[in-house]
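Written out below as structure tokens is the structure these notes cover.
The values are calculated or read from the model by the stated rules, or taken from the named source; none is laboratory data. Note that the structure is a prediction, hence the values are computed from the model and not measured. Cβ placement follows ideal geometry from the backbone for every residue including glycine, while neighbour counts extend to all protein chains displayed. Note: accessible area is taken over every heavy atom of the protein model, side chains too, but ligands, DNA and RNA are not part of it. Shrake-Rupley method; radii C 1.70, N 1.55, O 1.52, S 1.80 Å.
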Amino acid sequence: MATARDQLLGSLASRGDRLALVQDETRWTYAQLDAAMRSWGRELRDAGVGRGDRVAVLAPSSPQLIAAMLGTYAIGAIWVPINNRYRAAEVGHILEDAGPSLLLCDPGLRGAVPATNTVAVRGLEDRPAATLDIVPLPDDAPAMLVYTSGTTGRSKGATLSHAAIVEGIAALTGLWGWSQEDVLSLQLPLFHVHGLCIGVHGSLLAGMSMLVHARFSARAVVDDIAQHGASVFMGVPTMYTRLLAHLDANPSDAASLRAARLFTAGSAALPAADLEAFERHTGHRILERYGMSETLITFSNPLAGERRPGSVGREVPGVRSRIVDENGAELGAGVVGELQVQSPAMMTDYWNNPEATAASFDGPWFRTGDVVERDEDGYVRIVGRMSVDIIKSGGFKISAREIEEALLLHPAVAEVAVVGLPDETWGERIEAVVVLAQPLSDAEATLVAHAAASLADYKKPRAVHVVDALPRNALGKLQKVALKHQLLAT
Ligand code: MCA
Ligand code: AMP
């Protein structure tokens, strides 16, 4: 039987003249994508990249990027996508941790590559046609490292194997009825699993066409559906907030959205009010699902059947789950506890980080860190997170510690606490509370600019509060939950 990777790559040529990718004037059939995959594989192999080596990429979404990823798979190398909002320190961390042999970098993003970088850098232009034999690879070989933030400051690379991605995504898209009749409006970034694994791999496995966008715009969603036949749109909740604002300003566009088949949401909680408003405007009830970079998508509302507002639905086929208390004892329906999962799409490990890998499992169970409650009929609601140090803003996972560490490097900052506060557009909004070591004029603007100099734009605090002291308990431990409540009360 063909391995998962060979199933994915082998399907390209067999789909021949079907349309695979569209971006602006570029329109590639599956046969052209197969050819581009081979050109890239050859290019990478000739550059000395071999099986198990890493190929990092820092570039906006494009057909070439997708072909380069498939070419990387073809030679048995490992794809390492880097968030293209990252600054030099964040990019440098991934380059150091993943140790790639090559960095594929868009010229416009070269400024984000650290000056000290020693990894060879190439662009993502068209490559000449070439033949390529696809190297044999076992199913459990790593396909990609997806860097994701945790409670510690620096991001960790979740290693996803070919089998994990193909099995996990095929189960999901089967559940959602994706078929070669579908056209995906792909506006999510391709450095996270939502856009890359569900979007790109899901579409390729189902033989769909993808309308690829380098960035999100509500107008492009409408145009994709009205003019280019898109039938499926996937977004983070912030994208739906933006779509709703667009429909308020352009009510006649709601009729265009009705023509789509399926809207899905995930990566953060979709407010029930947005689900209902979207349904009022378009007749579509958004299908919400839940997942993590480490496990891929583990819960989903159904295609047919009840899509429950405020719930992420039931387990995706092949997934097992339990809800436990702080001692690891399993809890029943209606009781809030930590969600733990087993998934066919589980990561192999955190790259080069056995301690973090060990800490994230309880035997076969992956500790999600999400606090949830299960209804009697198996539907799960995400209630919150165990750690206040993880923030989700606009679908991006952010470590409060990383921002605190950046702010502490300013000489005027003695102590700092960063928290995520509820926000209608972003889900959570980053705010910082600081104790100054010395007077600082225009403290808020100065410290926001200081953070923005070393961190991606979406990580900068949207407010900085200067206080005399941070709330601490008798042992001197920072009381972040109390601090959040104080901020919310003011
Ligand atoms: C942009 N801005 C943000 C964010 N994005 N602020 C907070 N949080 C954000 N996520 C700020 C910028 O700093 C800037 O502010 C202003 O918004 C406009 O920037 P722009 O680049 O124009 O924004 P945008 O292009 O409209 O971006 C919004 C976005 C983007 C499209 C919602 O955040 C996005 O692509 N999110 C998707 C993330 C994602 O794919 N997550 C999936 C993770 P200023 O000018 O002040 O700097 S995978 C996952 O979670 C699991 C597996 C799962 O379940 O899916
Ligand atoms: P990431 O590390 O970016 O893959 O983020 C995974 C996290 O996103 C999960 O642990 C959840 O906290 C959050 N998440 C994903 N989907 C949902 C959802 N539908 N509702 C609430 N939170 C979600």
For residue 482 paired with residue 273, estimate the spin-label separation in nm (one decimal), with each label point 7 Å from Cα along the Cα-to-Cβ line. 3.1 nm
Net charge dipole size for the chain [Lys, Arg +1 and Asp, Glu -1 on Cβ; Debye, nearest 20]: 340 debye
Any idea of residue 122's accessible area? Nearest 10 Å², probe 1.4 Å. 90 Å²
Output the 0 to 90 degree angle, nearest 10, between the alpha-carbon long axis of helix 237-249 and the longest principal axis computed from the alpha carbons of the chain. 90 degrees
Expected field for residue 261, accessible surface area in Å² at 1.4 Å probe radius, rounded to 10, holds 90 Å²
Among 201, 117, 158, the residue whose Cα sits farthest towards the positive end of the charge dipole of the stretch 108-226 (+1 at Cβ of Lys and Arg, -1 at Cβ of Asp and Glu, taken about the Cα centre) is 117
So, over other residues within a Cβ distance under 13 Å of residue 161, counting Lys, Arg +1 and Asp, Glu -1, the net charge is -4
Given the chain, what percent of its DSSP beta bridges are antiparallel, to the nearest 5? 65 percent
For helix 218-228, report the angle its Cα long axis makes with the longest principal axis of the Cα atoms of the chain; keep it between 0 and 90° and round to the nearest 10°. 20 degrees
Once you order the gyration tensor axes a ≥ b ≥ c over the Cα atoms, which shape class does the stretch 100-226 get: rounded for a/c under 1.5, otherwise prolate or oblate by comparing a/b with b/c? rounded
Rounded to 5, the percent of DSSP beta bridges in the stretch 63-196 classed as antiparallel: 60 percent
For labels at residue 14 and residue 51 in the simple 7 Å Cα→Cβ model, what's the distance in nm? 2.3 nm
If you place +1 on the Cβ of every Lys and Arg, -1 on the Cβ of every Asp and Glu, and leave all else neutral, what size is the dipole of the stretch 197-268 about its Cα centre, to the nearest 20 Debye? 80 debye
If the stretch 348-490 were replaced by its equivalent ellipsoid, with semi-axes equal to the square roots of 5 times the Cα gyration tensor eigenvalues, what would those be, largest first, whole Å? 30, 18, 16
Per residue, how many Å² of accessible area does the chain show with a 1.4 Å probe? 40 Å²
Using a probe of 1.4 angstrom, how much of the accessible area of the chain is carbon and sulfur, in percent? 50 percent
Using alpha-carbon positions, the gyration tensor of the stretch 426-486 gives root eigenvalues a ≥ b ≥ c; with a/c under 1.5 called rounded, otherwise prolate if a/b exceeds b/c, else oblate, the class is oblate
Please report the equivalent ellipsoid semi-axes of the stretch 271-329, computed as sqrt(5 x eigenvalue) of the Cα gyration tensor, largest first, in whole Å. 27, 13, 10
Mind checking the angle between helix 88-98 and the chain's longest principal axis? C-alpha axes, 0 to 90 degrees, to the nearest 10. 60 degrees
Pairwise Cα inverse-distance average, inverted: Kirkwood Rh of the stretch 1-59 (Å): 13.1 Å
Could you pull out the longest piece of the chain with no exposed loop GluC sites (Glu not before Pro) in it, calling a site exposed if DSSP puts it outside H, G, I, E, B and it has at most 13 other Cβ atoms within 10 Å? 182-305
Cβ under 10 Å from residue 331's Cβ, residue 331 left aside: what net charge do those residues give with Lys, Arg +1 and Asp, Glu -1? -2
Considering the Cα trace of the stretch 201-309, what is its radius of gyration and what is Dmax, both in angstroms? 13.6, 40
Estimated 222 nm signal from helices in the chain, with DSSP H stretches of n ≥ 4 weighted -39500 (n - 2.57), rounded to 500: -9000 deg cm²/dmol
With unit charges on the beta carbons (Lys and Arg positive, Asp and Glu negative) and the dipole taken about the Cα centre of the chain, which residue among 400, 228, 4 sits farthest to the positive side? 228
If you average over every viewing direction, what projected area does the convex hull of the Cα atoms of the chain give, in nm²? 24.1 nm²
